[in-house]
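Student: Got a structure for you, questions after.
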Amino acid sequence: MLLTGIGEAQVTTIGSFEHEFKIDDENYSLTWHVVPADKLKFEAVIGSDLLEQASISFTKEGVKFNKYENHAQLMQISAENLQEELDLRHVENRQIKKELEKLIQDYKPEKTASTDVTMRIILKDEEPVCQPPRRLAFTERQEVNKQIEEWLNEGIIRPSSAEYASPSVMVKKKDGSSRMCIDYRKLNQKLVKDKFPLPIIEDVLDILQEAKVYSTLDLRNGFFHVDVDEDCRKYTSFIVPDGQFEFNKVPFGLSTSPGVFQRYVSSIFRDLTRKGIVISYLDDLVIPAKNEQEGLEKLKIIFEVAKKYGLEIKFKKCQFLKKKVEFLGHTVESGTIKPSLTKTLAVRKFPEPTTIKQVQSFLGLTGYFRKYIKDYSKIAKPLSDLTRIENLFVFGTQQKETFEKLKKIMSGGPILHLYKYGRKTELHTDACKQGYGAILLQEAEDGKLHPVYYMSKKTNTAEEKYDSYELEVLAIINALKKFRVYLLGQHFKIVTDCSAFQKTMQKKELITRIARWVLQLEEFDYEIEHRAGSRMKHVDALSRYPVMIVYSDTLTSKLKKAQEFLNPISKESIPLSTYHVDFIGPLPSTNKSYQHIFTVVDAFTKFTWLYLVKTVSAESALEKLKQQQKTFGNPIRIISDRDSAFTSKLFNDYCDEENIQHLQIATGVPRGNGQVENEFIKL
């Protein structure tokens, strides 16, 4: 507990206890709060709860307590849960700070209104998902039982006998403690998705453009505010070692839960959202304001609505009337935006990738903030090339330099300005055979143009055949499509190094493709300015090195890869220059205990050597390679998988000593070593 006394002095309690005691022959029952000895000069301090039960009189003999007499208020002490402690020292206006403290202290959900939003669960088929419970350690079982008891008391779950049953799992939290979750993965595969859209993060951030102070609210156990339809509760059933239960409230873990909850929050704050008072994204609410007074008035309105619908707020994670806030992975401050510290920290601590998936994860993390990084593609290209299906996974010096450079850039906190409607706006574009790029700029309060958004795109096979003039027009058209939400309805300037484009807009007759593109410009209010290429270097880089982005749509990416040409691993024009090596086995043991075959395939001639070995080890492989060396000499390079025999220091030291280039294929991609893998299949 945090106790606040006269002069707003504060002290944290160690604990508390109920105790009845006697003063002047009268019994009093009070709650006593224990504090460290160095925090209190007296053995005890009497609080207002005692003084409300008795009057006091001061005499020469001392203090006399008279029970049930007039109330006295000697000292007012307020208490609040330490977990909900808030730091409001940044609030500049003392009166606003005082009102805000009272607003928070007085907040109590009442649930006097409700919405018609409930969770409906629709399955693709009616075949039940039923899994057995998973074994738990003794301490984990205690935690599960405690959580079950708490949820039962709060009405969040109820006992179940449904034919559906998903297992529970224990997940470690950041503080080291465990949390019980339900593994709904099998059930999720059968769910018909909720179509209610989540807000577009870019749109949410754009709404913050005119604000100077921000408040954010975090709803406690957000999903538990929404009821599950009575007929659908059986699908949420889960099983633990000591029983089976089902959810009355929307559970975490179902793929449709976020959409249902967003529908619920949107229905509550629909009117306030339309008025620009609050922006909601799942259980996070942000309240933008021009000053502290406006921010306080908006909070009063939101608290009134939240109280009416019984929303519980996690004040510990809230931010009030701040000039800088963290929201949706971004830091917003005074009209600027940059990646949040937690995101940049994740980049800085990212380990050096050893597989394609890890490279994709890193590119996905940095690519999420691609709009902040000018020339992102030029930097990221060595890494993104590793993800191509026809390339071997070799994380060499160039890739390491790229990896470290991206980490350094993200650590520096690249900054963009928030778009502000009505301000002077320019769109700079450029194009070349490799791709095209654009930068959206706006005039800030300092009178200078600052970047709002970067865009770049690689040309496809058809676009590579366009002449330079067509590519320049294409760059402008696609930039307008990309930034349409910002540019439509206001005057702006298009700046390009293509002088022909300005003249094109005055012509009556145009080639078909250009004419079709020009029609798309008619809905915009713009002027065109030509600048020499030497003054457009900031955009030129984006066109020559288009951004390589890892998209989350894995199905689409796989389809695109399937449509590409297969480029086999390049080989030398002479035999015995490239060896593919691997182990086959274990096979039935021979009389001499040989159980494996060490296979060597020449990439040029496909000639194959098979050597019997007893173990899969670096020693066995090197013994046979040295044996082969005596007859055929050393190859220029050896290609292998990532078996421990080939990743060992012994094997790599041998390759270094013999000046052999050793290439290792990516984990889980055997086709990279297809020459020897094919031999394995035939055997």
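The values are calculated or read from the model by the stated rules, or taken from the named source; none is laboratory data. This structure is a prediction, so every number in the text was calculated from the model and none was measured. Methodologically, a virtual Cβ is constructed for each residue, glycine included, from the backbone with ideal geometry; neighbour enumeration extends over all protein chains shown.
Student: Pull out all pairs, ordered by first then second residue, where Cβ-Cβ is under 7 Å, the residues are six or more apart or on different chains, the first lies in region 14-29 and is surrounded by 11 or more Cβ atoms within 10 Å (Cβ to Cβ), and the second is at pLDDT below 75 and assigned to a loop (DSSP other than H, G, I, E, B).
Tutor: Ser16/Met1; Tyr28/Gln53
Student: Shifting gears a bit: If I filter region 133-156 for residues that are modelled with pLDDT of 90 or more and part of a strand (DSSP E or B), do I get at least one hit?
Tutor: Scanning region 133-156 turns up no residue that is modelled with pLDDT of 90 or more and part of a strand (DSSP E or B).
Student: To continue, here is another question. Going residue by residue through region 291-309, is there one that turns out to be touching a Gly at 6+ places or on another chain (Cβ under 7 Å), crowded, with 18+ Cβ neighbours inside 10 Å, modelled with pLDDT of 90 or more and not hydroxyl-bearing (Ser, Thr, Tyr)? Talk me through it step by step, then tell me what you get.
Tutor: Narrowing region 291-309 to residues touching a Gly at 6+ places or on another chain (Cβ under 7 Å): none.
The answer is no, given that none of the residues of region 291-309 is touching a Gly at 6+ places or on another chain (Cβ under 7 Å), crowded, with 18+ Cβ neighbours inside 10 Å, modelled with pLDDT of 90 or more and not hydroxyl-bearing (Ser, Thr, Tyr).
Student: Check whether at least one residue in region 595-607 is assigned to a strand (DSSP E or B), aromatic (Phe, Trp, Tyr) and within 24 Å of Val394 (Cβ to Cβ), and report yes or no. Let's see the steps before the verdict.
Tutor: Of the residues in region 595-607, the ones assigned to a strand (DSSP E or B) are 596-602.
Subsequent filtering for residues that are aromatic (Phe, Trp, Tyr) retains 598.
Next cut, within 24 Å of Val394 (Cβ to Cβ) only: 598.
Scanning region 595-607, I find at least one residue that is assigned to a strand (DSSP E or B), aromatic (Phe, Trp, Tyr) and within 24 Å of Val394 (Cβ to Cβ), so the answer is yes.
Student: Moving on. Filter region 227-255 down to residues that are assigned to a loop (DSSP other than H, G, I, E, B), among the hydroxyl-bearing types (Ser, Thr, Tyr) and crowded, with 20+ Cβ neighbours inside 10 Å, then give me how many there are. Break it down into steps so the answer makes sense when it comes.
Tutor: First pass over region 227-255, keeping only residues assigned to a loop (DSSP other than H, G, I, E, B): 229, 237, 241-242, 248, 250-255.
From what's left, among the hydroxyl-bearing types (Ser, Thr, Tyr): 237, 255.
In the following step, the residues that additionally are crowded, with 20+ Cβ neighbours inside 10 Å were identified as 237.
Count: 1.
Student: Residue by residue through region 429-448, note down the ones that are out of contact with any Asp or Glu (no Cβ under 9 Å at 6 or more places or on another chain) and in contact (Cβ under 8 Å) with a residue 12 or more places away in the chain. Let's see the steps before the verdict.
Tutor: Kept after step one, since they are out of contact with any Asp or Glu (no Cβ under 9 Å at 6 or more places or on another chain), are these residues of region 429-448: 444-448.
Matches in region 429-448: Ala444, Glu445.
Student: Then there is this: Test Arg642 against the stated conditions and say whether it is closer than 20 Å to Ile356 by Cβ, part of a loop (DSSP other than H, G, I, E, B), modelled with pLDDT under 90 and charged (D, E, K, R). First the steps, then the outcome.
Tutor: Details: closer than 20 Å to Ile356 by Cβ: yes; part of a loop (DSSP other than H, G, I, E, B): yes; modelled with pLDDT under 90: yes; charged (D, E, K, R): yes.
Against the criterion (closer than 20 Å to Ile356 by Cβ, part of a loop (DSSP other than H, G, I, E, B), modelled with pLDDT under 90 and charged (D, E, K, R)), Arg642 qualifies.
Student: Filter region 458-491 down to residues that are among the aromatic types (Phe, Trp, Tyr) and farther than 27 Å from Ser384 by Cβ and give me whichever is nearest to the chain's Cα centre (by Cα). Step through it out loud before you land on a result.
Tutor: Initial filter on region 458-491 (among the aromatic types (Phe, Trp, Tyr)): 466, 469, 483, 486.
From what's left, farther than 27 Å from Ser384 by Cβ: 469, 486.
On the way: Tyr469: 40, Tyr486: 25 Å.
That would be Tyr486.
Student: Here is a further query. Mind counting the residues in region 425-482 that are of a type in the set (A, V, I, L, M) and in a helix (DSSP H, G or I)?
Tutor: From region 425-482, those of a type in the set (A, V, I, L, M) are 427, 431, 438-441, 444, 449, 452, 455, 462, 471, 473-477, 479-480; that's our starting set.
Subsequent filtering for residues that are in a helix (DSSP H, G or I) retains 471, 473-477, 479-480.
So the count comes out to 8.
Student: Is it the case that region 255-278 has a residue that's farther than 27 Å from Ile121 by Cα, touching a Gly at 6+ places or on another chain (Cβ under 8 Å) and touching a residue at least 12 places away in the same chain (Cβ under 8 Å)?
Tutor: Keep residues of region 255-278 that are farther than 27 Å from Ile121 by Cα, which gives 271-278.
Imposing the further condition that a residue be touching a Gly at 6+ places or on another chain (Cβ under 8 Å) reduces the set to none.
No, region 255-278 contains no residue that is farther than 27 Å from Ile121 by Cα, touching a Gly at 6+ places or on another chain (Cβ under 8 Å) and touching a residue at least 12 places away in the same chain (Cβ under 8 Å).
Student: Would you check if there is a residue in region 147-156 being surrounded by 12 or more Cβ atoms within 10 Å (Cβ to Cβ), under 24 Å from Phe223 (Cα atoms) and in contact with an Asp or Glu (Cβ under 7 Å, 6 or more places away or on another chain)? Working first, answer last.
Tutor: At the first step, the residues of region 147-156 found to be surrounded by 12 or more Cβ atoms within 10 Å (Cβ to Cβ) are 147-148, 151-152, 154, 156.
Those left that are additionally under 24 Å from Phe223 (Cα atoms): 147-148, 151-152, 154, 156.
Among the residues that remain, those that are also in contact with an Asp or Glu (Cβ under 7 Å, 6 or more places away or on another chain) are: none.
No: zero hits.
Student: So, in region 209-218, exactly how many residues are closer than 17 Å to Thr273 by Cα, surrounded by fewer than 22 Cβ atoms within 10 Å (Cβ to Cβ) and not polar (S, T, N, Q)? Reasoning before the result, please.
Tutor: First pass over region 209-218, keeping only residues closer than 17 Å to Thr273 by Cα: 209-211, 214-218.
Restricting the remaining residues to those that are surrounded by fewer than 22 Cβ atoms within 10 Å (Cβ to Cβ) gives 209-210, 216, 218.
Then keep just the ones that are not polar (S, T, N, Q); that gives 210, 218.
So the answer is 2.
Student: Counting just the residues of region 647-673 that are under 21 Å from Ile597 (Cβ atoms), crowded, with 19+ Cβ neighbours inside 10 Å and under 36 Å from the mean Cα position of the chain (by Cα), which one comes out modelled with the lowest pLDDT?
Tutor: Gly672
Student: What's the total number of residues in region 608-635 that are closer than 20 Å to Ser589 by Cα and in a loop (DSSP other than H, G, I, E, B)?
Tutor: Qualifying residue count for the region: 4.
Student: Then there's this: Of the numbered conditions (1) modelled with pLDDT of 85 or more; (2) closer than 25 Å to Ile279 by Cα; (3) of a type in the set (D, E, K, R), Glu202 satisfies every one except a single condition; which is it?
Tutor: (1)
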